[in-house]
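J.: Let me begin by handing over the structure; questions about it come next.
Laboratory data are not the source of any read-out in this text; all were calculated from the coordinates shown. All of these numbers come straight from a predicted model, not from anything done at the bench. As a convention, Cβ positions derive from the backbone with ideal geometry for all residues, glycine included, and neighbour counts pool all protein chains shown.
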Amino acid sequence: MSAGDASATGSPPAGRVVFRPRVLLTFVTVVSVLFVAACLVGWFALGDLRQQFTLLQVATLVLFLAWTVGMMLALALSVVVVDDRGVTVRNGLVRRRYGFDEVRAVRYREHDSWAFLELHRTDEGGEHVRRQMMAIQRVDGPRSRADAQRLRDLIRARRG
């Protein structure tokens with residue numbers, strides 16, 4: 001179930017609600033396809049020069065290409081999932097799970113690039129710990145504000 005599919009009746013929807021970045025995913029997909037295509041065109045444009053590459057050199061180039069595309073996709077596939085057990089935030093390769101009672105607020109100010117979970121836990125300076133949620137990004141426009149508000153409402157409803 002996506003964020004837009006959740007019930008708007010005021011009661012918390014059963015199951016999972018998923019928030020994903022849309023613009024970043026589209027951008028990264030296009031850039032990845034173009035990057036791979038450019039690498040292939042460049043490789044075949046080398047002609048006879050390709051024969052001078054060793055297997056290790058070719059493997060290194062392929063590994064670099066895969067790593068670059070993989071890292072871009074990992075960021076673009078960031079997700080926030082709300083289910084009956086809490087909130088799971090995956091930013092890139094890092095995944096964290098928070099119970100509803102751990103979440104103090106969802107912060108998404110006018111100039112923030114993405115939304116943040118503010119936790120009840122504090123750091124050494126006494127400030128509440130904030131965790132970014134790259135799944136709700138400013139670049140998604142009005143949809144991102146609606147997603148942040150929907151996330152607030154879901155947490156509030158399921159906390160009670």
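J.: Quick check: net charge around Arg20, other residues with Cβ under 11 Å of its Cβ, Lys/Arg +1 and Asp/Glu -1?
T.: Net charge in that neighbourhood comes out at +1.
J.: Report D for the chain in µm² per second (integer): Stokes-Einstein, Kirkwood Rh on Cα pairs, 20 °C, 1.002 mPa s.
T.: Estimated diffusion coefficient is 119 µm²/s.
J.: Right, something else. Of the peptides 31-40, 77-86, 126-135, 45-54, how do they stack up when ordered by the mean number of other Cβ atoms within 10 Å, highest first?
T.: 77-86, 126-135, 31-40, 45-54
J.: Quick one: helix 23-45 against the long Cα principal axis of the chain, what's the angle to the nearest 10°, folded into 0 to 90?
T.: 10 degrees
J.: Compute the long axis of helix 55-76 from its Cα atoms, compare it with the longest principal axis of the Cα atoms of the chain, and write down the angle in degrees, 0 to 90, nearest 10.
T.: Rounded to the nearest ten degrees, it is 20.
J.: Order these by the 10 Å Cβ neighbour count, fewest first: Asp140, Asp101.
T.: Asp101, Asp140
J.: Just the number: Rg to Rh for segment 25-75, Cα atoms, Kirkwood Rh, two decimals.
T.: Ratio value, two decimals: 1.05.
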